[in-house]
1. Going through the stretch A:51-143, which GluC sites (Glu not before Pro) have at most 14 other Cβ atoms within 10 Å and a DSSP loop state?
2. I want to verify a result. In a Gaussian network model of chain B, Cα cutoff 10 Å, which of these has the top mean-square fluctuation: B:295, B:169, B:255?
3. In chain A, if every C-alpha pair distance is counted and binned at 5 Å from zero, what percent goes to each bin?
4. If we sort B:215-222, B:287-294, B:95-102, B:227-234 on the protection proxy, mean other Cβ atoms within 10 Å, highest first, what's the order?
5. Pick from A:222, A:60, A:152: which is most flexible by mean-square fluctuation in a GNM of chain A where alpha carbon atoms under 10 Å apart are linked?
6. Would you mind ranking A:193, A:19, B:120 so that the residue whose beta carbon has the fewest other beta carbons within 10 Å leads the list?
7. Considering all projection directions equally, how large on average is the shadow of the alpha-carbon convex hull of the stretch B:192-321, in square nanometres?
8. Report Rg (one decimal) and Dmax (nearest whole number) for the protein assembly as shown, counting Cα atoms only, units Å.
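None of the figures in this text is laboratory data; all of them are computed from the coordinates on show. Remember, predicted model here, so these are calculated numbers, not experimental data. Cβ placement follows ideal geometry from the backbone for every residue including glycine, while neighbour counts extend to all protein chains displayed.
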Amino acid sequence: MTTVHAASSDRPVVTGEVLPRGRSTSLVDLANRAEWIRLETIRLIDQAGFGHYSSTFSAAEIFSVLYYHTLRLKPSDPQWEDRDRFLLGKGHIAVGLWPIFADLGFFPKEWLDTYGSIDSPITDHPNMVTAPGIDFSSGSLGHNLSVAVGIALAGRVHEKDYRTFVVTGDGELQEGQVWEAAMAGGHYGLSNLVAIVDANGFSGGGATSKTMNIEPLADRFASFGWRVEEINGSDVATLVETFDRIPADGTQPTCVIARTHKGAGVTLMEEAPQAWHMGWLKGEDRAQAEREINARIR
Amino acid sequence: MTDTTSPTGSGLADRAAEGTALPKTGTTMENVFSGDEAKKAPAAAGNVVGSTLAALADEGHDIVVVSADMGGAVGELRARHPGRYFDFGIAETNTMSAAAGLAASGITSFVLAMGPFGILKCAEQIRTDLASTHLPVRIIARSSGLAMGFFGTSHHAVEDIAIARSITGMTIAAPADNNAVEGVIRSTLDHRGPVYIRMSAPSLPGAEAVVYPEVPVFERGKFVTVRPGSDLTVIAVGNMVQASLVAAEQLAGEGISLNVIDAVYLKPLDEEAIVAAAGTTGRILTVEEHNEVGGLGSAVAEVIARRRLGAAIDVFALPDEDLKVALPGVLLPYYNLTPSGIADRARTLLEA
């Protein structure tokens, strides 16, 4: 894996120091990172013996761009008070975060070897009490946008300029609490709040359009007072531009509807996204998936 | 107000027929929406909450108050610290989770909740977002028990202690009078993790007593003996502490000495105080405005059983059945949760 580095000379990135918001990282590196997240997801789930593949894969590019380009972080101090916050509403894809956190240095790389064991601090759904770098626990769908509203309001109380990002699933938007939070985000004009919908089209039980229609998402968030961008969520260049465009001094929260594909990047999962919501990829299937992913790394 | 209703509860119709029904005093319901200007004495507990929270902000504590359309009680705070109150409208679950987000940012957040729409409606948010995460959120549940009993079954809040007790990491405290309201808020300020503060209805006329002449300082997990005695121990919670003190005074005239304990902390539970009471009086009567399942009585009985204390116990609580709907001044006498009702149960336990 190529080391991610700052190309911009005026904002050097020094290990142990602050990684600034919107730091320069090449698009190739960001795309490669997403593929690496997929490979690590396969490896960690295999180690544990069970996990969520296809809904992690749909968010791989989102994770890559957030953690290697967008978020302001201080890896030596995951609790740094001025960091940008990240909450994973669809907590079942935390497996895709752990390799990133180990790589950034939030915790020792050896912790990855504990994934799946009973005492591991890194778990299927993220736990803020045990895992450095997790800004809030999740697991019960529909809570984290509300929590993020509280964190964004706290930024206002403390006069901090951090941003709070939340990734929600599209199925998660069927939860009523999400819309209470959307209402509050609009009411308080939380320009420091960004919701990213990983709109991969499926929940655990089937296509969201069939179980319970949630469209038109853009109109719905806009009607709650949000600034909405609807984009191709699998394209790192688009994600970079979209996150860079978030206004510094706005009056509205931003919702990025990232259109993605459940199981993205592995053909057998793209063809059967539901079958691979949860499972254990083994044998020739695993080998084929890894060949496919590796073939895209440049 | 009369407090001599028959325990079988056929009383209302009978008394109506006798022309003695429906006491016109002591039927107050607290207007939980009222602002600080509503200084009616029975509603004072809400005002104490408002003034205490405003004082905490004045003193520089990093607190916020949030609620789902319940901001009436915190007018002082809103006037003096407008940036430290957030209303989320009638959206309780969002309010609870947002309070967790504020707390995760280092702020002690107070959620003003209406009894049944706090812990009962938001149990999962409380467990997942406040308790599992060890966050400093204080839930102030106003009008618990039967305080809003006139509004219907939806407004009875008699399951909350049972729910709160079973949530790992939760501290539960219940003030017995207005001084205790401030005492509980201040004493729990530095506790780790969430605190559930159960606010009772104002005590009925005839069941009022000063439990704490001054603002008390409570020690986490410790009961308070509010009246020493030797024949029988009453462990009561919330407004039932006042009623128990009145009952103790009544019984003293009969030569019966009640030891009255304020279970100001329900979790952690003061097991040593229960052991001591079992040893000195041998008889324990618990009194609470809560379902008989899972509340104070259950907690005390578990200790007596687990520790093989061999004490006689009676759990005086609301029956586990569909509860009646009426003003508190009617409901509490109907269920005998009055000084003379408590005195009757104490006599019966003493004779057992």
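1. Working: sites: A:61, A:81, A:110; in loops: A:81.
Those satisfying the criteria are A:81.
2. Highest fluctuation of the listed residues: B:255.
3. 1, 6, 12, 17, 20, 19, 14, 8, 3, 1, 0
4. B:95-102, B:287-294, B:227-234, B:215-222
5. A:222
6. B:120, A:19, A:193
7. 8.8
8. 28.4, 92
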